[in-house]
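Student: Before anything else, here's the structure in question.
The values are calculated or read from the model by the stated rules, or taken from the named source; none is laboratory data. Just so it is clear, the structure is predicted and the values come from calculations on it, not from any experiment. Here the Cβ is made from the backbone with ideal geometry for all residues, glycine too, and neighbour counts use every protein chain on show. Heavy atoms of the whole protein, side chains included, go into the accessibility calculation; ligands, DNA and RNA do not. Shrake-Rupley method; radii C 1.70, N 1.55, O 1.52, S 1.80 Å.
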Amino acid sequence: YVVGVLIAVPIGIISAYRQYSWFDNLGTFISMVGFSVPTFFTGVALIIIFAVQLKWFPSVYDTTLQVTDWASFKEQIRQMVMPVTVLALYNAAQISRFMRSSMLDNLGQDYVRTARAKGLTEKVVVLVHVLRNSLIPVITVIALGVPQIFGGAIITEQVFKVNGLGQQLILSI
């Protein structure tokens, strides 16, 4: 979830500031795909592409791996890339769209025009005045999205064979 938020906030800011640019169009397309495609499909697609065809990452998560040295730490990171990517893509898609919308609402406000008229640089206007007011509803959405982590994690853990909270929930059911 943290990775998704760290990706989504800058994408939302840049998309709003450069509205209708190629970056905004690409961000909109990727976020719509990321939000529309279910996590189990994204997970299977990543396994087929990056584990089976390219052989970059393992297709099954090794829960018995213990991190004892640098090599085992790299292996742990390597096997975490695909599950984290699936969950981050879904979360980043939703948050980046909301961030973009909030920024666009605030960019047209009178206080922004006043800040620009006072001679503040565009960077200060956007990153201090607009961003501060735009993050208020976005933080609310981020907080309300925390329970969604578990729903997406249950499915993603099953796809990548991770023995985590999702696996325990399935076993208890």
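Student: Which value, in Å², gives the accessible area per residue of region 1-98 when a 1.4 Å probe is used on the protein heavy atoms?
Tutor: On the way: 5940 Å² over 98 residues.
Computed with neighbouring chains in place, this is 61 Å² per residue.
Student: Also, I was wondering about something else. Using alpha carbon centroids, what distance separates region 4-81 and region 141-159, in Å?
Tutor: Going from one Cα centre to the other spans 15 Å.
Student: So which chymotrypsin sites (Phe, Trp or Tyr not before Pro) in region 54-143 end up in coil per DSSP with only 12 or fewer other C-beta atoms within 10 Å?
Tutor: W56
Student: Loop only per DSSP, at most 11 neighbouring Cβ atoms within 10 Å: give me the trypsin sites (Lys or Arg not before Pro) in region 23-127, ordered by residue number.
Tutor: Taking region 23-127 and a limit of 11 other Cβ atoms within 10 Å, the loop trypsin sites (Lys or Arg not before Pro) found are K55, K118.
Student: For R132 and I30 in the same chain, what is the full-extension length gain: residue separation times 0.36 nm, less their Cα-Cα distance, in nm?
Tutor: Extending this stretch completely gives an extra 34.2 nm.
Student: Carbon-plus-sulfur fraction of the accessible area of region 37-154, 1.4 Å probe, in percent?
Tutor: Here carbon and sulfur together make up 68 percent of the probe-accessible area.
Student: Still on this structure, please answer the following. Can you pull the Kirkwood radius for region 38-111, inverse mean 1/r over Cα pairs, to one decimal in Å?
Tutor: Working: mean 1/r = 0.0676 Å⁻¹.
About 14.8 Å for region 38-111.
Student: Once the Cα gyration tensor of region 1-52 is found, what semi-axes does its equivalent ellipsoid get, as square roots of 5 times the eigenvalues, in whole Å, sorted largest first? Intermediate values should be presented prior to the final figure.
Tutor: On the way: eigenvalues 124, 33, 18 Å².
Square roots of five times the eigenvalues give 25, 13, 9 Å.
Student: Also: Just want the answer: with Cβ charges of +1 for Lys and Arg and -1 for Asp and Glu, which residue in I7, Y17, F50 is farthest toward the dipole's positive end in region 4-136?
Tutor: Y17
Student: Next question. Over the chain, what is the relative contact order in percent, taking alpha-carbon pairs closer than 8 angstrom and at least six residues apart?
Tutor: 32
Student: Could I ask something else about it? Out of L169, S134, L107, whose Cα points farthest toward the positive end of the dipole of region 99-173 (charges: +1 Lys, Arg; -1 Asp, Glu; placed on Cβ)?
Tutor: Result: L107.
Student: Assigning unit charges at the beta carbon (Lys, Arg +1; Asp, Glu -1) and nothing else, what dipole magnitude in debye, to the nearest 20, does the chain show about its Cα centre?
Tutor: Dipole about the Cα centre, nearest 20: 460 debye.
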